[in-house]
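Asker: Submitted below is the structure of interest, expressed as structure tokens.
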Amino acid sequence: TVGLCHSVQGTAEQLARDINVPINDINYLAGGINHMNFYLKFERDGQDLYPLIRQVMAEERIPDWNRVRYEMFQRLGYFVTESSEHFSEYVPWFIKRDRPDMIEEFNIPLDEYIRRCEVQIEAWEAMRDYLEAEGTTVEHERTHEYGSYIIHSLETGEPNVIYGNVNNNGLIDNLPQGCCVEVPILVDKSGLQPIKIGAI
């Protein structure tokens, strides 16, 4: 069993835009647990791209919606894959009853879940109306979600690396064995094979 999340590849695309490097030129290695995963490497042709991410901070080009992650990067030295709004909920540093100034400073949307639900319901209703309309044609465009890549690799044998959540059976040394970890997974005709990271 493998659990899927789009945070690793989605955040990589966001960082690529922030540093103006094409995503297809970037290689990365991430490891941790779902929603608490960090890029251990973020490179182009073997060159560390973390200095370019630091430059985004130095030039004050941090996207407003991404302030928490950049703050964590500054403090920890590794960029977290989970969104700022969710990550701020998982750690005790940003949402404080007696520090409303931090909510504003880090642009934390406390109503994010409600807002997201409203936006998704509107989008689903609009999609339904579009699909039910007379003469509608549907075009398919592959996204960064892993499902189609997994099926393609299993069927063709063409290797692909995804990120998935699996039991920690020696994959990350300094996390509890048996816990669920998010690691790279090689997919090919042989199936899904988690890749050992070692210590993070």
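FYI, it's all coordinate maths here, none of it is from the lab. Note that the coordinates shown come from a computational prediction; the quantities given were computed from them, not determined experimentally. Positions of Cβ are backbone-derived with ideal geometry, glycine not excepted, and every protein chain shown enters the neighbour counts.
Asker: Find the Cα radius of gyration of region 128-170, compare it with 2.2 N^0.38 Å by division, and give the number to two decimals.
Answerer: Numbers: Rg = 16.7 Å, N = 43, 2.2 N^0.38 = 9.2 Å.
After normalising by residue count via 2.2 N^0.38 Å, the value is 1.82.
Asker: Under 16 Å from a point placed 7 Å out from the Cα of Val138 along the Cα-to-Cβ direction: which residues of region 146-187 have their backbone N that close?
Answerer: 148
Asker: To make sure I understand the rule: partners must be lysines, Cα under 20 Å from the Cα of Lys41, and not fewer than 8 residues away in the same chain. Which ones qualify?
Answerer: Lys196
Asker: Is there a quick way to get the dipole size of the chain? I mean about its Cα centre, with the Cβ of Lys and Arg at +1 and of Asp and Glu at -1; what is the value in debye to the nearest 20?
Answerer: Computed about the Cα centre, the dipole is about 880 debye.
Asker: Expected output is a single nm value to one decimal: the length gained when fully extending between Asn174 and Asn107, i.e. 0.36 nm times separation in residues minus the C-alpha distance. What is it?
Answerer: So the chain would gain 20.8 nm between Asn174 and Asn107.
Asker: For region 78-94, take each phi angle, set θ = phi - 60°, evaluate the Karplus expression 6.51 cos²θ - 1.76 cosθ + 1.60, and give the result in whole Hz per residue in order, putting x for glycine and proline.
Answerer: Per residue, the Karplus-derived 3J(HN,Hα) values read 9, 8, 7, 7, 7, 4, 4, 5, 6, 4, 5, 7, 8, 10, x, 9, 10 Hz.
Asker: Follow-up. Arrange the following residues from fewest to most other Cβ atoms within 10 Å of their Cβ: Ser83, Ser148, Ser88, Ser153.
Answerer: Final ranking by Cβ density, sparse to dense: Ser148, Ser83, Ser153, Ser88.
Asker: OK, next. Working only with C-alpha atoms, what are the Rg and Dmax values of region 99-158, expressed in angstrom?
Answerer: Cα-based Rg and Dmax for region 99-158 come out at 19.3, 54 Å.
Asker: Semi-axes of the equivalent ellipsoid of region 41-177: what are they in whole Å, largest first, if each equals the square root of 5 times a C-alpha gyration tensor eigenvalue?
Answerer: Here the semi-axes work out to 32, 27, 17 Å.
Asker: While we're here: Where in the chain lies the longest segment free of trypsin sites (Lys or Arg not before Pro) that are both loop residues by DSSP (not H, G, I, E, B) and have at most 12 other Cβ atoms within 10 Å?
Answerer: Looking at the chain, 1-60 is the longest stretch - no exposed trypsin sites (Lys or Arg not before Pro) with at most 12 other Cβ atoms within 10 Å.
Asker: Counting Lys and Arg as +1 and Asp and Glu as -1, what is the net charge of the other residues whose Cβ lies under 13 Å from the Cβ of Asn168?
Answerer: -1
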